[in-house]
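> Shown below is the structure under consideration.
The values are calculated or read from the model by the stated rules, or taken from the named source; none is laboratory data. Note that this is a predicted model, so its numbers are computed, not measured. Counting neighbours? That spans all protein chains shown, and the Cβs are built from the backbone with ideal geometry, glycine included. The protein model used for the area step is the full one, side chains on, heavy atoms only, and it has no ligands, DNA or RNA in it. Shrake-Rupley method; radii C 1.70, N 1.55, O 1.52, S 1.80 Å.
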Amino acid sequence: MTTVGLGIPRIGSPLRHIPDAAGRPDVDGLIDRFGRVARDLRVSITEKCSLRCTYCMPEQGLPAIARDDLLTPTEIGRLVEIAVRDLGVHDIRFTGGEPLMRPDLAEIISRSSAVAGDASISMTTNGIGLDKRVDELVAAGLTRVNISLDTVDRDHFARLTRRDRLPAVLAGIEAAKRAGLTPLKINAVLMRDTLDGAVALLSWAIENGCRLRFIEQMPLDADEAWVRENMVDAAELLDVLGSRFTLTAPHREDPSAPAEEWLVDGGPATVGIIASVTRSFCDDCDRTRLTAEGTIRSCLFGDDETDLRGMLRSGVEDVEIADRWRAAMWHKQAGHRIASPDFVRPERSMGAIGG
């Protein structure tokens, strides 16, 4: 992660006045009060999803967002251009809900890729329908995908997601591999209900050339059923995986990367653990988030949102939008504080925020 000393202004032309950002140093990037610089942009493009995972979505789905309230492909492309050109962002990841639920996803990726320069264009998806659209998405500029998969047991998958769609997910994974979207990462949420299948899932990932990453469950479920005492943490998972595999040399490829990686049986295969709760990486967070309605969230667990959609639609120039974005990130909170007695979960669930 890149940090900036708050007491040393940049040498160069001064920035314009940034409202509500008193004390902010004279830098172009998305710095916050703790010296962190956001370079990773997560763009949620819909609240809709083809699954109803118990740790994310309510059974009936999330309240629908009116079509006119969603950012258009043109508006998303414009904000991506501002982020890359003016704010130093170098990674763009599209999320949802489920991004494949947007019929204009290829146009969104194409418009973003055209203005993203050297920034990567990736997507987090459940993979359902990816086999039918992967070629057009790659042609539009998609370079990587992360696919969510918590179990390779079909009955268990159906109970967990409330949908019997495991074959469709596996078809999406195979299509991504054929299209060259590698390294292909698989994201699995750690739960008490899936811990017994962790060894089988890692074996499957290694056999299929995928990089598996387990994620500690966070209090972001729409049903608000998360309880700290019931959570499976990284230490317990390591004990379970250690019964079958030898895990060594824990490391991070990048200080800002959320996953800590272990070599499996000496390598080259690895397994990652994103210990969001018990081994918080908030001090190294480099993310900024754009909701499907066009608001900036500086922190996954912060309810503060700054409207950019209204600025886009009222004719405001890019330079002013960039300033508003900088001001929003300046006030990013220090961390999620899940372990604090006075922790309050965010009003939005993960499905509504975007991963």
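> So is Ala64 out of contact with any His (no Cβ under 6 Å at 6 or more places or on another chain), among the small types (Gly, Ala, Ser) and surrounded by fewer than 19 Cβ atoms within 10 Å (Cβ to Cβ) or not? Step through it out loud before you land on a result.
Numbers: out of contact with any His (no Cβ under 6 Å at 6 or more places or on another chain): yes; among the small types (Gly, Ala, Ser): yes; surrounded by fewer than 19 Cβ atoms within 10 Å (Cβ to Cβ): yes.
So Ala64 fits the description; yes.
> Ok, one more. Residue check, Thr46 against (1) part of a loop (DSSP other than H, G, I, E, B); (2) of a type in the set (S, T, N, Q); (3) open to solvent by 10 Å² or more (accessible area, probe 1.4 Å), all met but one. Which one?
(3)
> Okay, next question. I'd like the residue in the stretch 261-275 that is open to solvent by less than 20 Å² (accessible area, probe 1.4 Å) and aliphatic (A, V, I, L, M) and, out of all such residues, is farthest from Asn146 (Cα to Cα).
Looking at the filtered set, the residue picked out is Val264.
> Right, something else. What number of residues in the stretch 64-84 are assigned to a helix (DSSP H, G or I) and farther than 17 Å from Met329 by Cα?
Looking only at the stretch 64-84, we keep the residues that are assigned to a helix (DSSP H, G or I), and these are 67-69, 73-84.
From what is left, the residues that are farther than 17 Å from Met329 by Cα are 67-69, 73-78, 81.
Adding up the residues that qualify gives 10.
> Condition first: outside any helix (DSSP H, G or I) and buried (at least 23 other Cβ atoms within 10 Å of the Cβ). Can you find one or more residues in the stretch 158-179 that meet it?
Residues of the stretch 158-179 outside any helix (DSSP H, G or I): 162-165, 179.
Checking which are buried (at least 23 other Cβ atoms within 10 Å of the Cβ) leaves us with none.
Among the residues of the stretch 158-179, not one is outside any helix (DSSP H, G or I) and buried (at least 23 other Cβ atoms within 10 Å of the Cβ), which makes the answer no.
> Residue check: is Gly97 out of contact with any Phe, Trp or Tyr (no Cβ under 7 Å at 6 or more places or on another chain) and crowded, with 24+ Cβ neighbours inside 10 Å? Write out each step before concluding.
Working: out of contact with any Phe, Trp or Tyr (no Cβ under 7 Å at 6 or more places or on another chain): yes; crowded, with 24+ Cβ neighbours inside 10 Å: yes.
Yes; evaluated as a whole, the condition is true for this residue.
> Check the stretch 192-208 and report whether any residue there is open to solvent by less than 20 Å² (accessible area, probe 1.4 Å), part of a strand (DSSP E or B) and at pLDDT 95 or above.
Narrowing the stretch 192-208 to residues open to solvent by less than 20 Å² (accessible area, probe 1.4 Å): 194-195, 198, 201-202, 205.
Those left that are additionally part of a strand (DSSP E or B): none.
No: zero hits.
> Here is a further query. Tell me which of these Ser122 doesn't satisfy, since it passes every other one: (1) out of contact with any helix residue (DSSP H, G or I) (no Cβ under 6 Å at 6 or more places or on another chain); (2) in a helix (DSSP H, G or I).
All conditions pass for Ser122, except number (2).
> Something else about it: I want to confirm something. Restricting to the stretch 227-240 and keeping residues that are assigned to a helix (DSSP H, G or I) and touching a strand residue (DSSP E or B) at 6+ places or on another chain (Cβ under 9 Å), which single residue is modelled with the lowest pLDDT?
Ala234
> Can you confirm whether the stretch 279-290 contains a residue that is open to solvent by less than 60 Å² (accessible area, probe 1.4 Å), touching a Lys or Arg at 6+ places or on another chain (Cβ under 7 Å), closer than 23 Å to Ile82 by Cα and not in a strand (DSSP E or B)?
yes
> Pull up the stretch 241-260, narrow it to residues that are modelled with pLDDT under 95 and in a strand (DSSP E or B), then point me to the one that is surrounded by the most Cβ atoms within 10 Å (Cβ to Cβ).
Result: Glu260.
> Kindly establish whether Ala106 is in contact (Cβ under 8 Å) with a residue 12 or more places away in the chain, part of a loop (DSSP other than H, G, I, E, B) and under 30 Å from Ala158 (Cβ atoms).
Values: in contact (Cβ under 8 Å) with a residue 12 or more places away in the chain: yes; part of a loop (DSSP other than H, G, I, E, B): no; under 30 Å from Ala158 (Cβ atoms): yes.
Considered against the rule, which asks whether it is in contact (Cβ under 8 Å) with a residue 12 or more places away in the chain, part of a loop (DSSP other than H, G, I, E, B) and under 30 Å from Ala158 (Cβ atoms), Ala106 comes out as no.
> Of the residues Val89, Val138, Val145, which single one is in a helix (DSSP H, G or I) and modelled with pLDDT of 95 or more? First the steps, then the outcome.
Working: Val89 fails: in a helix (DSSP H, G or I); Val145 fails: in a helix (DSSP H, G or I).
Residue meeting the stated conditions: Val138.
> Give the number of residues within the stretch 291-326 that are in a loop (DSSP other than H, G, I, E, B) and crowded, with 17+ Cβ neighbours inside 10 Å.
Step one: of the stretch 291-326, the residues in a loop (DSSP other than H, G, I, E, B) are 291-294, 298-304, 308, 314-317.
After this cut, where a residue has to be crowded, with 17+ Cβ neighbours inside 10 Å as well, the list is 291-294, 298-301, 308.
Result for the stretch 291-326: 9.
> For the stretch 117-136, name all the residues that are open to solvent by less than 10 Å² (accessible area, probe 1.4 Å), among the hydrophobic types (A, V, I, L, M, F, W, C) and touching a residue at least 40 places away in the same chain (Cβ under 8 Å).
Of everything in the stretch 117-136, those that are open to solvent by less than 10 Å² (accessible area, probe 1.4 Å), among the hydrophobic types (A, V, I, L, M, F, W, C) and touching a residue at least 40 places away in the same chain (Cβ under 8 Å) turn out to be Leu130, Val134.
> Moving on to the next point. Scanning the stretch 137-151 for residues that are surrounded by 19 or more Cβ atoms within 10 Å (Cβ to Cβ) and of a type outside the set (Ser, Thr, Tyr), which turns out nearest to Pro258 (Cα to Cα)? It would help to see each step written out before you state the result.
From the stretch 137-151, those surrounded by 19 or more Cβ atoms within 10 Å (Cβ to Cβ) are 137, 140, 142, 145-151; that's our starting set.
Of the ones still in play, those that are also of a type outside the set (Ser, Thr, Tyr) are 137, 140, 142, 145-147, 149-150.
Details: Leu137: 26, Ala140: 27, Leu142: 22, Val145: 16, Asn146: 14, Ile147: 16, Leu149: 18, Asp150: 18 Å.
Ranking the qualifying residues of the stretch 137-151, first place goes to Asn146.
> I've got another one for you. Give all pairs with beta carbons closer than 7 Å in which a residue from the stretch 64-85 that is of a type in the set (S, T, N, Q) meets a residue that is modelled with pLDDT of 95 or more; count only pairs at least 6 apart in sequence or on separate chains.
Listed pairs, sorted by first residue: Thr74/Arg111.
> Kindly list, by first and then second residue, each pair from a residue in the stretch 230-245 that is over 19 Å from Tyr55 (Cβ atoms) to a residue that is charged (D, E, K, R), limited to pairs with Cβ atoms under 9 Å and residues at least 6 apart or on different chains.
Listed by first residue and then by second, the contacts come to Phe245/Asp265.
> Let me ask you something else. Can you tell me which condition Asp304 does not meet? The list is (1) under 28 Å from Glu216 (Cα atoms); (2) modelled with pLDDT of 90 or more, and all the others hold.
(2)
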